[in-house]
Each structure stands twice: as structure tokens, then as C-alpha cells.
Amino acid sequence: MDTKEAIRLSKFLSRHLRHSPQAIGLTLQEGGWVGVEELLAACAAHGVPISREQLAALVAGSDKQRFAFDAAGTRLRAQQGHSIAVDLQLKPTTPPAVLYHGTAPAALPAIRREGLQKMKRHHVHLSPDVETARRVGARRGKPVILTVDAQRLHEAGGIFYQSGNGVWLVEQVLPEFLREL
């Protein structure tokens with residue numbers, strides 16, 4: 001599968017596993033899981049046929065590891081980024097002292113006033129390193145990297161989770177826990 005096709009399929013899966021599973025006739029199970037066979041059938045029925053091999057290659061080859069199979073390989077889910085109600089069954093975890101967030105310069109005035117807000121998603125997404133934050137922020141041009149004082153936020157009551165692909169999740173990050181790198 002070429003890169004362009006992988007991106008197209010990844011976007012299709014992201015849209016339906018994170019935001020609108022019902023649009024292709026899916027219902028997410030507890031933990032955000034969907035049966036692989038059910039997913040493949042739904043994709044095919046909606047004009048986007050994906051083979052089991054293509055799906056496995058897409059999951060394994062994704063640099064961001066957006067999706068994960070369960071231990072048996074019979075279910076798949078999006079790791080994070082949902083805008084629909086779903087409990088990913090992540091356990092609260094103590095974060096490292098510092099985390100990072102990449103964003104566009106246009107977002108800075110609002111971030112300086114209100115901090116990082118989850119917007120339509122369940123959590124604010126934070127990166128464990130500067131390079132990952134830079135890649136995330138570069139989706140909308142030249143990125144600005146913010147440093148998050150995760151230790152101090154955690155001590156102040158912030159509850160952190162870590163998804164299976166290493167993305168750190170928290171409800172919000174107020175401005176006093178942020179600084180521009």
C-alpha cells in the first residue's frame with residue numbers, strides 16, 4: 001500500500017473510530033473497541049474496502065500509532081482523540097516532570113488567556129518529547145512548542161493518563177503551567 005493510500009485509509013478509520021462510528025453502522029464496545037471483522041465489513045459496505053492484511057500493515061506502519069489491536073488481534077480501537085463518549089479504561093498515571101505541546105502561532109493568544117483546553121475531544125494531548133510536539137504542531141505550519149510543568153500540574157490535582165502510543169492526556173492545562181520553548 002502506498003503512502004497516499006495509507007493516509008486515506010488512516011483518515012477514514014480515524015473519522016469513524018474517533019468521531020462517528022454510527023455513520024458506517026458501528027457501535028463501539030466498552031473501551032472503544034470494535035470487532036475487526038465487523039469493521040472490515042462496515043468499511044466495505046461504505047465503499048472503502050480494506051483487507052485484514054492492509055489493516056494490519058496500517059496499524060503496524062503508523063508513525064503515530066493511532067490504532068491498536070487487542071491482545072487477541074480480534075478487536076481494534078483508536079488510541080485517543082475521540083470526540084464521542086467513550087471510556088478507554090486508562091488508569092491515572094504519574095507524568096514525567098515536563099511534557100510538551102505543539103501548536104500553531106495563531107492559537108497562542110487564546111492559550112495564553114485560557115491555557116490548553118480539550119475543545120471537542122476528551123483530553124488535551126501532550127507529547128513526551130520536543131520532536132513529537134514539533135511534528136504535531138507542524139500540521140498547521142511552523143509550530144510553536146509549549147513546555148508543560150506536568151509535575152506541578154499533577155501536584156495541583158491534574159489527573160494524567162497515558163495512551164498506548166505514549167500520548168499523555170489531561171483534562172486541561174491552565175496558563176500558569178505553560179511556557180513557550
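The values are calculated or read from the model by the stated rules, or taken from the named source; none is laboratory data. Bear in mind that the values here come from a model prediction, so they are computed numbers and not experimental data. Neighbour counts run over all protein chains shown; Cβ positions are idealised from the backbone, glycine included.
Here are some notes:
- Candidates are the residues of the range 64-102 that are surrounded by fewer than 20 Cβ atoms within 10 Å (Cβ to Cβ) and polar (S, T, N, Q); the one that is nearest to PRO143 (Cα to Cα) is GLN65.
- Residue, surrounded by the most Cβ atoms within 10 Å (Cβ to Cβ), within the range 110-144, restricted to residues that are within 17 Å of VAL170 (Cβ to Cβ) and aliphatic (A, V, I, L, M): LEU126
- Residues (under 19 Å from GLN162 (Cα atoms) and either out of contact with any strand residue (DSSP E or B) (no Cβ under 6 Å at 6 or more places or on another chain) or without any contact (Cβ under 8 Å) to a residue 12 or more places away in the chain (or both)) located in the range 121-149: ARG121, HIS122, HIS125, PRO128, ASP129, GLU131, THR132, ARG135, ASP149
- Hits in the range 17-33 - residues which are touching a residue at least 12 places away in the same chain (Cβ under 8 Å) and not in a helix (DSSP H, G or I): SER20, GLY25, LEU26, LEU28, GLN29, TRP33
- Here ALA107 meets each of (1) exposed (fewer than 12 other Cβ atoms within 10 Å of the Cβ); (2) among the hydrophobic types (A, V, I, L, M, F, W, C); (3) free of Cβ contacts under 8 Å to residues at least 40 places away in the same chain; (4) closer than 30 Å to THR147 by Cβ with one exception, condition (1).
- Some residue of the range 40-56 being without any contact (Cβ under 8 Å) to a residue 24 or more places away in the chain, closer than 24 Å to TRP168 by Cα and of a type in the set (A, V, I, L, M): no
- Those helices (runs of 4 or more DSSP H) lying entirely in the range 69-178 with at least 1 residues within 30 Å of GLU53 (Cβ to Cβ): 130-137
- The range 51-63: number of residues that are part of a loop (DSSP other than H, G, I, E, B) and either at pLDDT 95 or above or over 16 Å from LEU17 (Cα atoms) (or both): 2
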